[in-house]
Amino acid sequence: MEDAGRTSTASALAASIRLAQAQPSPAQPPAAAPTTAASPPANSPAASPAAAPSDEPIGNVATLTGTASVIRNQNTLPLKLKDDIYLNDKLVTFSDSTLGVTFNDATTFNLTANASIAVDNFIYEDGGQQNSALFDVAKGTVAFVASAVAKTGSMKIATPTATLGIRGTTGLVEVNGASSGAHNIKLYPDPDGHVGTIDISDRNGARLGTLTQGSSGFTIRAGAGGRITAAPLAISPQQAARDQGIVRQVHAAQAVGRQVVNEQRALRRANPNRANPNRTNPRGAPGQNGPQRQNNLQQRQNNLQQRPGRELQNSPNRNGEQGRPGEPNRTGQQGQPGLPNRATEQGRPQQPPGAQRPNAPALRQGAGPNRPAAPRKPPPPRKPPPKGKKR
């Protein structure tokens with residue numbers, strides 16, 4: 001009995017050792033990986049692909065000066081007013097250009113020159129309580145005014161070193177494009193004077209500070225050992241005047257963008273099959289209108305092949321029209337090669353183009369000699385009257 005117990009215990013121990021060797025050890029997460037402050041957890045609405053399909057527009061271009069583009073499915077496309085904006089789009093402005101974009105909840109961004117922002121997440125439903133959005137400012141100066149998503153859900157803005165939690169307000173983000181450089185985060189009043197809140201954390205979720213007063217800000221920079229710190233920012237009068245101009249632009253863009261978003265939404269509802277020609281699916285093929293555009297192109301090519309002259313070749317000429325090859329002529333028409341004429345000229349040998357018919361007036365000088373007139377047939381002899389009977 002004791003030997004059997006020792007044997008069973010040794011077998012169980014060996015099996016547990018084999019099980020431990022078969023299971024991989026959990027990988028350590030990278031130190032710089034963003035936490036739930038920058039990306040939603042797997043069970044959150046923002047992580048559900050069905051909640052925000054990428055083939056549905058989530059915003060529109062409201063204002064545009066100069067040149068701006070969108071990087072979509074690894075394709076760079078120029079932007080114009082009222083263009084649709086989609087999930088995962090990256091918006092880029094160039095020198096001497098500005099771009100205003102309004103999303104379906106009326107949240108609006110205004111990009112100044114040489115700025116870039118990516119739409120990493122956007123879920124919005126009218127009256128919903130699980131709305132969320134995540135925008136990533138890579139470089140440049142970007143002003144924003146938050147709306148329904150920030151009031152009913154979670155709106156976040158990411159920078160290379162920090163994550164901002166926006167709660168219904170207007171703000172300004174200045175990113176110099178370098179992860180180790182200093183970034184400025186500023187809070188300003190809404191158009192109605194209301195001042196919201198901006199919570200600032202690093203990319204690991206550590207709390208750095210909160211802005212609650214208008215015309216206030218923080219400077220975010222990397223300290224010793226890569227530790228991110230937030231220091232209060234003193235805004236000079238010159239900087240405040242410049243910022244107010246950018247803030248007025250984003251407020252004006254929001255007023256225009258509300259109308260644009262409503263107009264485009266009404267058009268989509270009236271025409272569900274309508275698709276943006278700039279939109280392509282993930283495979284790179286044209287959107288919903290691709291097959292229809294191919295059919296229209298084929299139809300136009302078929303129409304071009306039917307020239308007007310070819311259509312007339314298969315139709316009889318009318319009075320007063322010059323005959324074409326392969327057409328029967330009617331009364332009063334000039335004969336053409338291989339065409340029998342009707343009425344007075346039926347059965348007569350055809351003449352080459354430019355030849356004159358018999359008995360026609362003389363041609364002008366230089367047009368060639370006239371053909372002799374054909375001799376007329378003598379009239380049939382008259383029959384003598386019948387003789388009277390002799391009485």
Over 19 Å (Cα to Cα) - which of K156/K186; K80/K151; K82/K139 fall in this group: K80/K151; K82/K139
Residue exposure sequence - L64, L81, L164 - by fewest surrounding Cβ within 10 Å: L81, L64, L164
Where a label projected 7 Å from the Cα of E263 along Cα→Cβ would reach, residues of the stretch 77-95 with amide N under 11 Å: 81-83
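What per residue convex hull volume, in Å³, do the alpha-carbon atoms of the stretch 49-270 yield? Could the numbers behind the result be given before it?
Details: hull volume 28.3 nm³, N = 222.
Enclosed volume per residue, from the Cα hull, is 127 Å³.
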For D202, D243, order by how many other beta-carbon atoms lie within 10 Å, fewest first: D243, D202
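Normalising by the residue count of the stretch 49-270, find the relative contact order in percent from Cα pairs under 8 Å and 6+ residues apart.
Values: 571 pairs, mean separation 36.2, N = 222.
Normalised by residue count, the contact order of the stretch 49-270 is 16 percent.
Each reported figure results from applying straightforward, stated rules to the coordinates on display, with no laboratory input. Computed from a predicted model, the values in this text were never measured in an experiment. Counting neighbours? That spans all protein chains shown, and the Cβs are built from the backbone with ideal geometry, glycine included.
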